[in-house]
Structure formats: structure tokens, C-alpha cells
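Remarks on the structure that follows.
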Amino acid sequence: MKSVAFCTLGCKVNQYETEAMLELFKNAGYSEADFDDFADVYVINTCTVTSMSDRKSRQMIRRAKRLNPDAYVIVCGCYAQTAPEAVLATEGVDLVLGTNERHRIVELCESKTRGIIVKDILKTHEFEPLEISKQSGKSRAYVKVQEGCNQFCTYCIIPYARGPVRSRPLDEIITESKKLVAAGYTELVYVGIHVASYGIDTKEGDLADLIVKLNGIEGIKRIRLSSIEPMTLDYNFCEKIKDCDKLCPHFHLSLQSGCDETLKRMNRRYTTSQYAQIVDGLRQFFPDCAITTDIMVGFPDETDEEFGKTLDFVQKTAFADAHIFKYSRRKGTPADKMKNQISPEIKDERSKTLAKICEKSRDEFLQKHIGRQLEVLFEDRNCRYFEGKTANYLTVFVETDEDLSGKYRFVTAKSVKDGAIFANLTE
């Protein structure tokens, strides 16, 4: 029996697509191997959000060839889409796929096709048929509902890697969701490149309409959304979904900057006051909801004054958690050509300063839960603890010898440490 090993870099969409491709290989009779072990076929599913992502992709290609010099090596994903010639020029690469044609991966592998199979993604208008009936995770499963992005933020390469918005047909989403429930999953995470755009290219309703339909599926206990653009979650949206009791009260709203001047250069299409209004509305509709975010530091021409505005806004908003990252130049984007690029030293300093504020607000949010009873979906053992997530995506550790994998249990929150809650099982 031939074996295949996957290395997945980047976002939850990439993770979903890896699971789908792996299922195709298994259906064709392949066994799964760990990426650090010998395999007949290696697939590197790449990311290109930062230059570091590109370097990591090349490192994984070289690692695969060291493990088995005779292996057939496939590179797919965003980096492969935006720089196919550079990827193919990397020693050891046999086949380059982009962010399409992944449904043909086994066929191309079996025929030992070599070279570049990459379409012009900006001219692609169909949702690629990738589906999963069983995933490797123990407690939650992912469902891809949307592909592509029409926003073209000035710093972002993703629209060039993923193409325009394409929404998945509603009946396919419902069918896959029911299959995953039948396979034992009760928490489903709905992902996409720009989930907020779901439905804008079809006549099947918008994201709120989708959530309402998913809420009616028997067997789903939790509906979770991946990162979403803030302006989607306006009053009308919240009114539509307010009675969806299965929707997890966790909203990851990408901020990027707390300064209006910086947001304008980023082409983010909202102001800080609009963002704040969305956050206030969510907190009114969904008490105890967790608002998390992404924040970029060191965008071109970000002055000390502009960064100061971001600090003030972030402190006032009091996020439950934040992913802070440094601006990375991406060739082909408008921001790459902007003057006044910020030095790495200033980016480092700003990142550390912002992290302290975000860690403080995170811990204050966690502290509010101390003494309360929380329902947790447990995932894996971590030393003597079992780790899981609440509906609002708080990490919880419980010391126990019991196997809690994939189980819902109530706990009493006791303390906070290192961004997590430590709790006792409620008898």
C-alpha cells in the first residue's frame, strides 16, 4: 500500500482542504503517514500571508526530499498559486497545484504528472468541489462555505492567491454538515477566506440566513464561525441570528489598526467608530460573548501618533484575546510600494507594547468567569490535564484521569494562568 504525508501551513481553510485531499487519497487506497516519516507521496499545502510563510514552505519541501529522495512531491496552496515558477524551481518538487484543481490531486499523482497545473485564479468563478465525510479531529469538524475575497486590502496577497468570492451551494453545506453530525461531531466550524461575503454571488441568502438554517439541523450542538469582517455584524445581522441558540458567542473581528488614518491606507473600509459600534451591538445581543481580533503593527507610514491611537482604541475595546503580527511586505500589493516602511526594530517594540495591553484585557475577561459553571467540549490530554473549549472559546484545563476526548462536561472555573482557565469537574 502506498503512503501519503501532508504538511499544512496557514489558516483553517488550508486545514480543511488538507483533510479533503487526504480523504481523496485514502479513498484511492493510500495510507496516511506522518510528515516526519518515510512516505511515497508528500503534499505541502502552503501559505503566503507573510514572507516567513514562503520560507517555511520551502523548508518543508526540502525536508520531504531528505526523508525519501524518491518520493513524489506535490506543492499546492497560496504560495504555489502566487509563485508557481519559484516553487517548481525548488529542488525536489514534482507537481505544483495552486488553489484550484485540488480535486484532481490523486489522478495527477497516479499519472506522475510533472510541472505546473495552476489556473488564473482571478478568472475563476466556480466553487471547487472538496468535501469531507470524516475528519481527524476528535471534537470539532470544519466545513468550508466560501472561497475568495473581493476586498483587496493594500497589504494583502490573498485575493491574488484565492481569487474572487465564490459561495458554496447551500445544499452542499447542509449535506456535509449532516454527514459530519452522523460521524459523531457536534461542534462544526464554518470557514472561508472571507466568510462575511457568503452569498453575495448567489441568490441563496447571506451568512445570517445560512446560520439560521444550520441552527435547525438536528444533532449540531455548537455552530462556530471563523474570522469575520466587522461590518457584517450590524444590527440587522444580529436581529436575524439572535435566536440561534447553537451559535457560539465568540466573534473574531479583524481590526488591523485602531487608527482611522492607518485603516484608510490599508483600504479596510470602516472607521474605528463603526468598529466600536459593532462591538457594542454584539455585547448587547450576546452577553458574555468573547470579542477577539487581529492587529497589525508597523504598517507603512504608521507614525508614533498613529500607533498611540491604536493603543488607546485597543485598551478601550478590551478584547478577550488578540493576535498581534508585524506587517510583512508582499510583492504585488500596493503597500509594498508605499514609502516610509517601518524598521524591524520599531515593529518589535510596538508588538511587545501592544501585547502587554492585550494580555491584560484577556486576563481580565478570563477572571470574570472565576467561580462560574462553564460547559466545556474537551479535546486532548495535556500532561495530567485535559484541555477543552467553552462556547465562547475560552481554553479550560481540568486535572483528571478520566478520558474526556470529545465529551461535554460542566466545570467550575477556579483560577487563571497563562491565558487559560483552570477548573474542576462539576459532579
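The values are calculated or read from the model by the stated rules, or taken from the named source; none is laboratory data. Computed from a prediction, not measured in an experiment: that's the story for all the values here. Neighbour counts run over all protein chains shown; Cβ positions are idealised from the backbone, glycine included.
I'm checking my understanding of the structure. Among residues of the range 274-301 that are charged (D, E, K, R) and touching a residue at least 60 places away in the same chain (Cβ under 8 Å), which one is nearest to P344 (Cα to Cα)?
Out of the qualifying residues, it is D294.
Exactly one residue among V41, V96, V4 is in contact with a Pro (Cβ under 9 Å, 6 or more places away or on another chain) and within 30 Å of V143 (Cβ to Cβ), and that residue is V96. Counting just the residues of the range 19-50 that are over 11 Å from C7 (Cα atoms) and in a strand (DSSP E or B), which one comes out nearest to the chain's Cα centre (by Cα)? Here the answer is E32. Scan the range 150-169 and tell me whether some residue there is more than 17 Å from the chain's Cα centre (by Cα) and either charged (D, E, K, R) or assigned by TED's automatic domain parsing to the domain that holds S257 (or both). Yes, some residue in the range 150-169 is more than 17 Å from the chain's Cα centre (by Cα) and either charged (D, E, K, R) or assigned by TED's automatic domain parsing to the domain that holds S257 (or both). When C7 is tested against (1) touching a strand residue (DSSP E or B) at 6+ places or on another chain (Cβ under 6 Å); (2) more than 22 Å from S111 (Cβ to Cβ); (3) not in a strand (DSSP E or B), just one condition goes unmet, and that condition is (3).
Within the range 261-273, the residues that satisfy the criterion of being surrounded by fewer than 20 Cβ atoms within 10 Å (Cβ to Cβ), within 24 Å of the chain's Cα centre (by Cα) and not hydroxyl-bearing (S, T, Y) are N267, R269.
Take the conditions closer than 23 Å to C238 by Cα, in contact (Cβ under 8 Å) with a residue 12 or more places away in the chain and under 16 Å from the mean Cα position of the chain (by Cα) and apply them to G199. Does it pass?
Values: closer than 23 Å to C238 by Cα: yes; in contact (Cβ under 8 Å) with a residue 12 or more places away in the chain: yes; under 16 Å from the mean Cα position of the chain (by Cα): no.
So G199 does not fit the description; no.
Among the listed residues L255, L225, identify the single one that is within 16 Å of the chain's Cα centre (by Cα) and not assigned by TED's automatic domain parsing to the domain that holds A141. Testing whether each residue is within 16 Å of the chain's Cα centre (by Cα) and not assigned by TED's automatic domain parsing to the domain that holds A141 leaves just L255. Scanning the range 29-69 for residues that are in contact with a Leu (Cβ under 9 Å, 6 or more places away or on another chain), among the small types (G, A, S) and closer than 30 Å to K331 by Cα turns up S53, S57.
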